[in-house]
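Below is one structure; the comments refer to it alone.
The values are calculated or read from the model by the stated rules, or taken from the named source; none is laboratory data. Only a predicted model underlies this, so the values are computations on that prediction, with no experimental measurement involved. Backbone-built Cβ (ideal geometry, glycine too); neighbour counts: all protein chains shown.
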Amino acid sequence: MMNNNMNSPEQISTNKLEYDVLVIGGGIAGQEASLNLANNGFKVLMVEKDLSIGGKMIHLSKVFPTLDCSACIATPKISETARNPNITIMTYSEVEDIKRNGNGLKAMVIEKPRYVKADLCTGCPICEEKCPVVVEDEYNYGLTGRKAAFIPFDLASPRIAAIDIENCTLCGACERACPPNAIDFSMEKKEFELSVKSVIIATGFELFPAEKKKEYGFGQFKNVIHSMQMDRLLAPTRPFNNVLRPSDGRMPDNIAYVLCTGSRDLSVGNPICSQICCMYSIKQAQLLLGALPMTDVTIYYIDIRAFGKGFDEFYEQGKSMGVEFIKGKIAKIEEKENGNLTLKYEDFENGGKTVEADHDLVVLSVGILPNKDVSGFFKSEPIALDIHQYVKQEDELMSPAKTSIEGVFVAGTSSGPMDIPDSILSAGAASAEAAAFIRSLK
Amino acid sequence: MTEEKKKQLTVTLMKEKRTVPDEVKEKSKKFVRMRKAIKASLKEGPKSIPQLVEEMKLPTDVVTYYVMSLRKFGDIAVGELDEDDEYYSYELPKK
């Protein structure tokens, strides 16, 4: 869905678009790269596959190690991106088949139908209220439901409703109730032929699917959740009224974290460290001690990797607040009748003996994986990936955003695990390299 | 709604192209049933999730999911936390 009054496809008679740069992904790295380029006079098309820009950061509670409110940092940047006259945003859209086109590149952009007219929708919740279907809310990682006619989430940008056609009963209640008549089931997908001088890949990462660690019981035991679910529970826009157990709505009083779930683990095909899990777990532990002062929090770890600025102090702060750290590898989690969980672990500091501990809520600190969408963008001229399937940085030291395709640059976690400040730095590098490349064409 | 607007509903066009799967119809029925049952129970006064579970004879996680969803949609409101600091009560919103 176009979110800019400049160069909107609705205002263009042909399906041909021309911009200086295509930025794929509307998360923090995509926004940073787009703003840098736009503020230097380049025309940018940002293509986001989701219904809203904001990426994963917009859904977080706070950031480490400063404990600043994540949404308070993310929303002004989202707003700045959406309002910049040099940036055109297409949400709910996908890029296909980027290929060489003389000195530049061309691509197809497919805009999927949202079944709500962007220029008429006011973002009111009336269609949601009238919709009789509830499905799992992906923006709250299944902790609550959402309607089939829905505003994606509270801070969505653009704040425009959408119809989840796969889960719609076609009852027409939303259409009958919509005051500005914005619902339009006759909408169809649109295809655009795009010409650009450069491309920036800022597609972000995928979360490790916690159900792949079968021995931890995620998806089977209701009180085993993953860390993004906990971040949602801690956020001001949280799905529950407090941090509560999904099994019975009880306030937990003894929470465990299992670090390295899906990271540094060859058995699930991801041998590398995800770089963020230690710190976000310590962040959540500190926030939990603030939200639930009577709660005990234990973090089971292999190593604590507190390598960044202020990270070790943050770790020490967690310990001084009362977070318990146990160096041990969790072998298995079992559920008790009351929904509590027994963790069986190898206690590294006590001769490696097997120990059992009971907790009433377990958080799996899931790692990050490369976004597999990237290869699909480059069918004609495949882009090189590294051994872990992230976009390969051709010259990591001298030109960190350069990829194997001339004119295509990479930003943020598309090139490997990194935290938010490093993603922003990486996006800065990508935008500078893209700008230099475009200038070299003249 | 006027007859003219009824005729113009674009959902009729979609109905010609798509058949609604039974699973989706069932989801809709389930939500409507759950909303009715929870709201009817809360008419008697504020209740915690275990109290609703006891009454509705459904799995606790299912009741929790719908209570939290109804809270999000504004159909029910949060009441007091019990004296053991364990369970909140939920109630119908005050008008």
*Restricting the first residue to the stretch B:1-18 and requiring it to be part of a loop (DSSP other than H, G, I, E, B), which pairs with a second residue that is modelled with pLDDT of 60 or more and surrounded by 12 or more Cβ atoms within 10 Å (Cβ to Cβ) meet a Cβ separation below 6 Å and a spacing of at least six or different chains?*
B:1/A:176; B:9/A:172; B:9/A:175; B:10/A:184; B:10/A:185; B:10/A:186
*In the stretch A:94-104, residue nearest to the chain's Cα centre (by Cα) [restricted to those that are part of a strand (DSSP E or B) and surrounded by fewer than 23 Cβ atoms within 10 Å (Cβ to Cβ)]*: A:94
*Is the stretch A:264-284 home to any residue that is in contact with a Lys or Arg (Cβ under 8 Å, 6 or more places away or on another chain), surrounded by 24 or more Cβ atoms within 10 Å (Cβ to Cβ) and of a type in the set (Val, Ile, Thr)?*
no
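For (1) surrounded by fewer than 24 Cβ atoms within 10 Å (Cβ to Cβ); (2) in a strand (DSSP E or B), each residue gets a yes or a no:
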site: A:191; (1), (2): yes, yes
site: A:200; (1), (2): no, yes
site: A:219; (1), (2): yes, no
site: A:229; (1), (2): yes, no
site: A:233; (1), (2): no, no
site: A:237; (1), (2): yes, no
site: A:240; (1), (2): yes, no
*First in the stretch A:185-210 and in contact (Cβ under 8 Å) with a residue 60 or more places away in the chain, second anywhere and among the acidic types (Asp, Glu), Cβ under 6 Å, 6 or more apart*: A:190/A:111; A:195/A:18; A:197/A:20; A:203/A:373
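Can you name every residue in the stretch B:35-62 that is outside any loop (DSSP other than H, G, I, E, B), farther than 20 Å from residue A:174 by Cβ and within 12 Å of chain A (Cβ to nearest Cβ)? Step through it out loud before you land on a result.
Of the residues in the stretch B:35-62, the ones outside any loop (DSSP other than H, G, I, E, B) are B:35-42, B:47-56, B:60-62.
Right, trim to farther than 20 Å from residue A:174 by Cβ and you get B:36-42, B:47-56, B:60-62.
Once the filter is applied, which keeps residues that are outside any loop (DSSP other than H, G, I, E, B), farther than 20 Å from residue A:174 by Cβ and within 12 Å of chain A (Cβ to nearest Cβ), the stretch B:35-62 yields B:36, B:47, B:48, B:49, B:50, B:51, B:52, B:53, B:54, B:60, B:61, B:62.
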_Number of the condition not met by residue A:186 [criteria: (1) surrounded by 23 or more Cβ atoms within 10 Å (Cβ to Cβ); (2) assigned to a loop (DSSP other than H, G, I, E, B); (3) of a type in the set (Ser, Thr, Tyr)]_ = (1)
*Per-region count, the stretch A:105-134, residues surrounded by fewer than 20 Cβ atoms within 10 Å (Cβ to Cβ), within 14 Å of chain B (Cβ to nearest Cβ) and of a type in the set (A, V, I, L, M)*: 2
*Any idea which residue in the stretch B:63-88 is farthest from the other protein chains (Cβ to nearest Cβ), counting only those that are within 16 Å of the chain's Cα centre (by Cα) and farther than 18 Å from residue A:137 by Cβ?*
B:77
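With a cut-off of at least 3 residues that are surrounded by 14 or more Cβ atoms within 10 Å (Cβ to Cβ) and aliphatic (A, V, I, L, M), name the strands (runs of 3 or more DSSP E) lying wholly within the stretch A:330-392. Show your work before the answer.
Details: elements: A:341-347, A:353-359, A:361-366, A:368-370.
Strands (runs of 3 or more DSSP E) meeting the threshold: A:361-366.
Can residue B:38 be described as more than 30 Å from residue A:293 (Cα to Cα), in contact (Cβ under 8 Å) with a residue 12 or more places away in the chain, surrounded by 13 or more Cβ atoms within 10 Å (Cβ to Cβ) and among the hydrophobic types (A, V, I, L, M, F, W, C)? Talk me through it step by step, then tell me what you get.
On the way: more than 30 Å from residue A:293 (Cα to Cα): yes; in contact (Cβ under 8 Å) with a residue 12 or more places away in the chain: yes; surrounded by 13 or more Cβ atoms within 10 Å (Cβ to Cβ): yes; among the hydrophobic types (A, V, I, L, M, F, W, C): yes.
Taking the combined requirement at face value, the residue satisfies it.
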*Check A:143, A:207, A:233, A:170 and return the single one that is over 20 Å from residue A:90 (Cα atoms), touching a helix residue (DSSP H, G or I) at 6+ places or on another chain (Cβ under 8 Å) and more than 10 Å from every other protein chain (Cβ to nearest Cβ).*
A:207
*Here are some conditions: (1) under 30 Å from residue B:75 (Cα atoms); (2) without any contact (Cβ under 8 Å) to a residue 40 or more places away in the chain; (3) not hydroxyl-bearing (Ser, Thr, Tyr). Residue A:292 meets all but one. Which one does it not meet?*
(2)
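Applying the selection to the stretch A:155-183, what residues are hydrophobic (A, V, I, L, M, F, W, C), in a helix (DSSP H, G or I) and either modelled with pLDDT under 95 or in contact with a strand residue (DSSP E or B) (Cβ under 9 Å, 6 or more places away or on another chain) (or both)? Before the answer, list the steps.
Let us first name the residues in the stretch A:155-183 that are hydrophobic (A, V, I, L, M, F, W, C), namely A:155-156, A:160-163, A:165, A:168, A:170-171, A:173-174, A:177-178, A:182-183.
Checking the rest, the ones that are also in a helix (DSSP H, G or I) come to A:165, A:173-174, A:177.
Within the stretch A:155-183, A:173, A:174, A:177 meet the criteria.
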*From (1) in contact (Cβ under 8 Å) with a residue 12 or more places away in the chain; (2) crowded, with 21+ Cβ neighbours inside 10 Å; (3) within 9 Å of chain B (Cβ to nearest Cβ), pick out the condition that doesn't hold for residue A:149.*
(3)
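Could you please let me know if residue B:25 is facing chain A (nearest Cβ under 9 Å), free of Cβ contacts under 8 Å to residues at least 40 places away in the same chain, within 24 Å of residue A:125 (Cα to Cα) and not small (Gly, Ala, Ser)? Explain how you work it out, then say what you get.
On the way: facing chain A (nearest Cβ under 9 Å): yes; free of Cβ contacts under 8 Å to residues at least 40 places away in the same chain: yes; within 24 Å of residue A:125 (Cα to Cα): yes; not small (Gly, Ala, Ser): yes.
When the stated conditions are applied, residue B:25 passes them.
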